[in-house]
1. Across region 439-477, which residue is nearest to the chain's Cα centre (by Cα) among those that are free of Cβ contacts under 8 Å to residues at least 12 places away in the same chain and open to solvent by 70 Å² or more (accessible area, probe 1.4 Å)?
2. Within region 121-139, can you find the residues that are surrounded by fewer than 23 Cβ atoms within 10 Å (Cβ to Cβ), in contact (Cβ under 8 Å) with a residue 40 or more places away in the chain and assigned to a helix (DSSP H, G or I)?
3. Under 16 Å from residue 422 (Cα atoms) and either modelled with pLDDT of 85 or more or touching a strand residue (DSSP E or B) at 6+ places or on another chain (Cβ under 6 Å) (or both): does that describe residue 179?
4. Taking residue 400, is it part of a helix (DSSP H, G or I), within 26 Å of residue 344 (Cα to Cα) and among the aliphatic types (A, V, I, L, M)?
5. In region 302-361, what residues are among the small types (Gly, Ala, Ser), surrounded by fewer than 23 Cβ atoms within 10 Å (Cβ to Cβ), modelled with pLDDT of 80 or more and in a helix (DSSP H, G or I)?
6. Quick one: is residue 265 in contact (Cβ under 8 Å) with a residue 60 or more places away in the chain and surrounded by 21 or more Cβ atoms within 10 Å (Cβ to Cβ)?
7. Condition first: modelled with pLDDT under 90 and either in contact with a Pro (Cβ under 6 Å, 6 or more places away or on another chain) or open to solvent by 10 Å² or more (accessible area, probe 1.4 Å) (or both). Now tell me which residues in region 32-64 satisfy that.
8. Just to be sure before I move on: is residue 422 farther than 20 Å from residue 171 by Cβ and touching a Gly at 6+ places or on another chain (Cβ under 7 Å) in the structure I sent?
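The values are calculated or read from the model by the stated rules, or taken from the named source; none is laboratory data. Computed from a prediction, not measured in an experiment: that's the story for all the values here. Here the Cβ positions follow ideal geometry from the backbone for every residue, glycine too, while neighbour counts run over all protein chains shown. Keep in mind that these areas ignore ligands, DNA and RNA; they rest on the heavy atoms of the full protein, side chains included. Shrake-Rupley method; radii C 1.70, N 1.55, O 1.52, S 1.80 Å.
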Amino acid sequence: MVSNRGTHVLVWEQPGLEDQRPKSYSGGLGTRHWVTFMLFLGMANAYIMRTNMSVAIVAMVNHTALPVKQEALDTECGNVDSNVTKVAQLQDGSFVWSSSLQGYILSSFFYGYVITQIPFGILSKRYGARLFLGVGMLINSVFGLLVPVAAEAGVWWLILVRFIQGLGEGPIVPCSHAMLAKWIPPNERSRMGAAVYAGAQFGTVISMPLSGLLSAYGFAGGWPSIFYVFGLVGTLWCIMFLLFVSEDPEQCPRIKEAEKKYILSSLWGAAGSSSPPIPWSKILLSTPFWAIMLAHMGQNYGYETLMTELPTFMRQVLHFSIKDNGFVSALPYLCMWLFSMFISVVADWMLSSGRFNHTQVRKIINSIGEYGPAIGLFVAANTGCDPAATVAILAVGVGLNGGIYSGFKVNHLDVSPRFAGILMAFTNCLANLTGLLAPIIAGYIIEGNPSQAQWKKVFYIAGGVYIFCATFYNIFGSGRRQDWDNPAEDEAIAKKAAAKKNNKLERQANQNTAETAQ
């Protein structure tokens, strides 16, 4: 192990030597665990802010004032029993928003969220991730408090506020990834990374039932309390995060010296903002990067189909609404959260055992996370008229999907710790755009004809996307740190850049001298 001017180089982390591992740190819970816990809460808060509008809008809209268009229902599983499927009388709100307008309101958040992914990924590399993450989420939380006021002011004010909330949440994923690269040693990345990103499922499990309770029994008229409660909680988290979480171990005043040495000696090269310029051309020509990209895109497409279209299938074909039961609605997310925790421990055990390298572990665990849901979709397409089986498949399929957190989701940290935030910004941006296609394609296929045959097409397409993208990842993915993120070459790159700059200055000086002589 060599340490020189703040750059920590460990032999086992050099390309081709990934199987030689460092000794573990036996100091128990440390500052890195506190950082992980805070990032977990931040991710949970982000998903609460993302999903609470979908629950609140049901209570906000005056449904009886809207024109009703009869939904097409399939009768293969028997005629619809009006006594069974009759929806309970809703407590109407005061806003007369059409279904299409409600769609604009719900989607406005995601447009803001998507367009800030890449800019914040690049900026966090240059200036650090902590402030962008903390301040961004503070904007998200504060504007969440303004949602009731904006709704009363007018629908376009509400859309603007939700759009700004999305802009503020943009840094959460790339900046969390960048901070994990600085704080978490390679042999702990599976469980720490899974712990952070499982906050998404935890937040959803908390948001769905609690938002429903606040909508029915909360203060300030019910639904406004959703935004006041979660906005206040989010604001408190942001203040705590900015006050008690540092950018990296070297800037943390509270970390023990032994833990700091353990973290820094486990990382090959500093992952901070002082790294060399981003090697854009080499990243874009890197097959491991594209393997992660495809895996991420396939995951989002399949996940959106699994979570948004199966309930619709059960309503239209099986005449059963999963939304009638808050526990059943949250069950798949709970299964995914619990399984992601379990499989992350297994993944880190596989690495620590010395029997598997990073490449093998990422591919094995990711296969469970993407092939599992694909099989679930194929089975769901052929369950026939059995609502219980469909619910079970939904829970198991989404549960197995938790493997992706210890698969491709942390793979950015393996291939390039110093540029992990930027890589995640790109893959997460395109993956979210891909996920938006899932309900569009499904809607086009089943429009006016929600038969089992048409729904099979929806499920088969999503399952096929899962399998193709997971297979591409298994062929071209890698857990080895890439040559274009080699700290050993930093000095040579810096000298080359300096020489190029000096040559340019000399040419300009010679040109000025020649012009003066004339």
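1. 440
2. Result: 122, 126, 127, 130, 131, 134, 135, 138.
3. On the way: under 16 Å from residue 422 (Cα atoms): yes; either modelled with pLDDT of 85 or more or touching a strand residue (DSSP E or B) at 6+ places or on another chain (Cβ under 6 Å) (or both): yes.
It is true that residue 179 is under 16 Å from residue 422 (Cα atoms) and either modelled with pLDDT of 85 or more or touching a strand residue (DSSP E or B) at 6+ places or on another chain (Cβ under 6 Å) (or both).
4. yes
5. Those that are among the small types (Gly, Ala, Ser), surrounded by fewer than 23 Cβ atoms within 10 Å (Cβ to Cβ), modelled with pLDDT of 80 or more and in a helix (DSSP H, G or I): 352, 353.
6. No; evaluated as a whole, the condition is false for this residue.
7. 47, 48, 50, 51, 54, 55, 58, 59, 62, 63, 64
8. It is false that residue 422 is farther than 20 Å from residue 171 by Cβ and touching a Gly at 6+ places or on another chain (Cβ under 7 Å).
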